[in-house]
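Novice: Quick one: the structure is below, and I'll ask about it shortly.
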Number of protein chains: 2
Amino acid sequence: MKHKSLAQETCPISRGLNVIGEWWTLLIVREAFYGVTKFADFQSKLGIAKNILAARLKQLVKDGILQLDNKGGKRSQYVLTEKGRDLIYVLLAISQWASKWLFTSGRPSLHTVDKQDLLEIAPLEVRSRNGRILGSNDIEFLHEDKRSSKNQSTD
Amino acid sequence: MKHKSLAQETCPISRGLNVIGEWWTLLIVREAFYGVTKFADFQSKLGIAKNILAARLKQLVKDGILQLDNKGGKRSQYVLTEKGRDLIYVLLAISQWASKWLFTSGRPSLHTVDKQDLLEIAPLEVRSRNGRILGSNDIEFLHEDKRSSKNQSTD
C-alpha cells in the first residue's frame, strides 16, 4: 500500500512515522544498534529480501539515519548517525511496551543496558517540568489550536 | 506488502512492531489520545478510507488497545485501554525524535502536557539503575545470547 506523504505535516508523530513508521526500517536500525554494519549481515540477521533491504538502506542513508563508510577499500559499512542513534528512545519505548504487554509467555531476548556496567537500565520515565514522575494518565496531547483556546479560556 | 508474522519472536521490538508497526495504527491511537472516540470522527480527522479504518479499528480492539463502549444505545465509541494508554511513551518518543530532527522549518503542532497545569512536559529520560541520566551513546542493546557470554567472560 502506498501512503500519502506525511513529510510536511505539522504533527511530529505523522512526520516521524513518515520516516520510521515502517516495520523493516526500525528492525534495520535495531540491528545497527547490535553492531551490524554490512549488507550481508543485515540480510542474514533479518531474513529480508535483497531488493527490499537495498531500498531500505538507501532510504535510511538518504534520511540521514545511517551513513555509508567505505574507507580503506573494504566493503561498504552502514553506521548510525547521531540522528540514527537518537532513535534508541523510540526502540526503547516499543521494547518496554511490548515486554510489558506481549509476553504472557516467554521472555524478551533484548536487554537494554548501561554500557558502563552492563546492567539493565531503568524504564523510560516522563517527568513534569518540576520533576514529578508522570504516569500515562497524567499526560495529555494537545493540538496547537486547542492549546491556544485552552490558554485563552483560562486568561 | 504482507509481512511474515513477528508475534512469536522473542525480541520485544519485533513483537511490538507486529502490533503497532503500522502507520495508521499509531495515528489512530494518537487521535484516541486527542479524545476522538467515534468512527466518523477518526475518519474525518485522518482522511482514511472507511474499509481501512474499519479493519484497523477491529484489529486494535482484538489486540486489546482500544475497547468498544456502546452502552446507552449510542453509537459505538472506541476508548483506549490501559494497554493502549501505555503506548503514549512510544508516541512521545516518536514525537520527540521528529520534533528534534525533522523540523528544520515550521513548528510541531503537538504539545505533550502535564494534565495538572497544561505545561509542556520534560523530554523522555533514560536513567541507569543508580539514577544517572544516560545519553544515546551510553546505552547498548544486548541480545540474550550475547549477554550470557559477556557475563561469563567477566566472571
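Only the coordinates and a few stated rules stand behind these numbers; no lab work does. From a predicted model like this one, the values you see are computed outputs, not experimental measurements. Ideal geometry is used to build each Cβ from the backbone, glycine not excepted, and the neighbour counts take in all protein chains shown.
Novice: For the stretch B:13-51, give me each residue that is facing chain A (nearest Cβ under 8 Å) and among the β-branched types (Val, Ile, Thr).
Specialist: B:Ile13, B:Val19, B:Ile20
Novice: Determine, yes or no, whether A:Tyr89 is more than 26 Å from B:Leu91 (Cα to Cα) and surrounded by 21 or more Cβ atoms within 10 Å (Cβ to Cβ).
Specialist: Criteria not met by A:Tyr89.
Novice: Does A:Lys115 qualify as being basic (Lys, Arg), within 7 Å of chain B (Cβ to nearest Cβ) and in contact with a strand residue (DSSP E or B) (Cβ under 7 Å, 6 or more places away or on another chain)?
Specialist: For A:Lys115, the condition - basic (Lys, Arg), within 7 Å of chain B (Cβ to nearest Cβ) and in contact with a strand residue (DSSP E or B) (Cβ under 7 Å, 6 or more places away or on another chain) - is met.
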